[in-house]
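Notes follow the structure.
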Protein chains: 2
Amino acid sequence: MLGPVSVYTPAEVVEETGFTLDTLRYYEKIGLLEPVERNAAGQRRFSDSDLSWLGLVRCLRDTGMPIAQMLRFAELVRAGDHTIPDRIRLLEEHDRRVQSQIANLTARQRGIHNKISYYRSVL
Amino acid sequence: MLGPVSVYTPAEVVEETGFTLDTLRYYEKIGLLEPVERNAAGQRRFSDSDLSWLGLVRCLRDTGMPIAQMLRFAELVRAGDHTIPDRIRLLEEHDRRVQSQIANLTARQRGIHNKISYYRSVL
DNA sequence: GGTTGACCTGGAGCCCGCTCCAGGTGGGAT
DNA sequence: ATCCCACCTGGAGCGGGCTCCAGGTCAACC
């Protein structure tokens, strides 16, 4: 039994992923997205696997991974299953950076809270 | 009794705040920093109050506040104590954004963890 | 079969936030 | 007295990540 094999228009992918159409085209142009299938008229028809890749891209972007590093990751994916350990290492390293991002954000937020408290105290 | 009134060289401020000297000059140029005191030779001598302001700037920058908004905040500070309620509002609004940043980061991190687990499961 | 609107391409432009440079002055340790 | 290094200014340049545009093609609905 195969999973659903669906096809999505650009507008649907924009809706689904939150990326703009310009951004999707840009990602394809730089190779962050595999060349997307086209219909007879040359319009993009995205696949489930494009969608799922874009889901991961969304996670990595939103956690601050630079595009250059996502490209390296994309190359590992293309290179085949033997790169899975490398992919794990890359993601784990990124995860550590995300963790410290959260810690820093939380610490700085405390500084902001202090300032707010101070301002309240002098009202 | 007055607090310590000290004066800091550019190098000390760089050390203390983590901003580069170029960044400090840039912040002064755009008015995010009040015109800094100078010695006879025209070199900057930062005050305690510069340092403390830079501490707040560090919190706001690290939590993603755009420079334009920090400038608005700086103007409120210059305008005097009657703007304290506005400052509180501004900081609280920013705090809410920081909170949702942390939430988003945490959610995306879960997506990354899932991917790592998946990769581990297929090894 | 006409109109509207989604989509296409290549390439230029933009915004943010620094960062770097050239060319020069002054301070302070030896 | 000399050296070196920190610091100064104004202005240009940069890197990242899109974003916008002109000019054109197709599709789909009335």
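The values are calculated or read from the model by the stated rules, or taken from the named source; none is laboratory data. Predicted model, so just to flag it, every value in this text is computed and none were measured. With ideal geometry, Cβ positions are generated from the backbone for all residues, glycine too; neighbour counts draw on all protein chains shown. Ligands, DNA and RNA are excluded from the accessible area calculation, which covers all protein heavy atoms including side chains. Shrake-Rupley method; radii C 1.70, N 1.55, O 1.52, S 1.80 Å.
Tell me the residue from A:T17, A:T9 that is within 14 Å of DNA strand D (Cβ to nearest atom) and either open to solvent by less than 30 Å² (accessible area, probe 1.4 Å) or charged (D, E, K, R) (or both), please.
A:T17
Working only within region A:24-42, note down all residues that are open to solvent by 40 Å² or more (accessible area, probe 1.4 Å) and either in contact with a Pro (Cβ under 7 Å, 6 or more places away or on another chain) or under 22 Å from A:L71 (Cβ atoms) (or both).
Once the filter is applied, which keeps residues that are open to solvent by 40 Å² or more (accessible area, probe 1.4 Å) and either in contact with a Pro (Cβ under 7 Å, 6 or more places away or on another chain) or under 22 Å from A:L71 (Cβ atoms) (or both), region A:24-42 yields A:R25, A:Y26, A:K29, A:I30, A:E34, A:P35, A:E37.
Looking at region A:1-56, which of its residues are of a type in the set (A, V, I, L, M, F, W, C), in contact (Cβ under 8 Å) with a residue 12 or more places away in the chain, under 24 Å from A:A79 (Cα atoms) and not in a loop (DSSP other than H, G, I, E, B)?
The answer is A:L24, A:I30, A:F46, A:L51, A:W53, A:L54.
When A:L54 is evaluated against the numbered criteria (1) more than 20 Å from B:T106 (Cα to Cα); (2) within 16 Å of DNA strand C (Cβ to nearest atom); (3) within 14 Å of chain B (Cβ to nearest Cβ), which criterion, by number, is the only one it fails?
(1)
I'm told A:P10 meets every condition in (1) within 16 Å of DNA strand C (Cβ to nearest atom); (2) within 13 Å of another protein chain (Cβ to nearest Cβ) except one. Can you identify the failing condition by its number?
(2)
Would you point out the residue of region A:57-68, among those that are surrounded by fewer than 17 Cβ atoms within 10 Å (Cβ to Cβ) and not in a helix (DSSP H, G or I), that is nearest to the other protein chains (Cβ to nearest Cβ)?
A:G64
Which numbered condition trips up B:W53, out of (1) under 23 Å from A:Q101 (Cβ atoms); (2) surrounded by 18 or more Cβ atoms within 10 Å (Cβ to Cβ); (3) more than 15 Å from DNA strand D (Cβ to nearest atom)?
Answer for B:W53: the failing condition is (1).
Looking at region A:69-86, which of its residues are open to solvent by less than 60 Å² (accessible area, probe 1.4 Å) and either more than 8 Å from chain B (Cβ to nearest Cβ) or touching a residue at least 40 places away in the same chain (Cβ under 8 Å) (or both)?
Within region A:69-86, A:Q69, A:M70, A:L71, A:F73, A:A74, A:L76, A:V77, A:A79, A:G80, A:T83 qualify.
Being under 18 Å from B:Y119 (Cα atoms), charged (D, E, K, R) and within 13 Å of DNA strand D (Cβ to nearest atom) is true for just one of A:R38, A:R72. Which residue is that?
Sole residue among the options that is under 18 Å from B:Y119 (Cα atoms), charged (D, E, K, R) and within 13 Å of DNA strand D (Cβ to nearest atom): A:R72.
Return the residues of region B:87-123 that are over 18 Å from A:Q99 (Cα atoms), exposed (fewer than 15 other Cβ atoms within 10 Å of the Cβ) and more than 7 Å from chain A (Cβ to nearest Cβ); say none if nothing qualifies.
Listed by number, the residues that qualify are B:R89, B:E93, B:R96, B:R97, B:Y118, B:S121.
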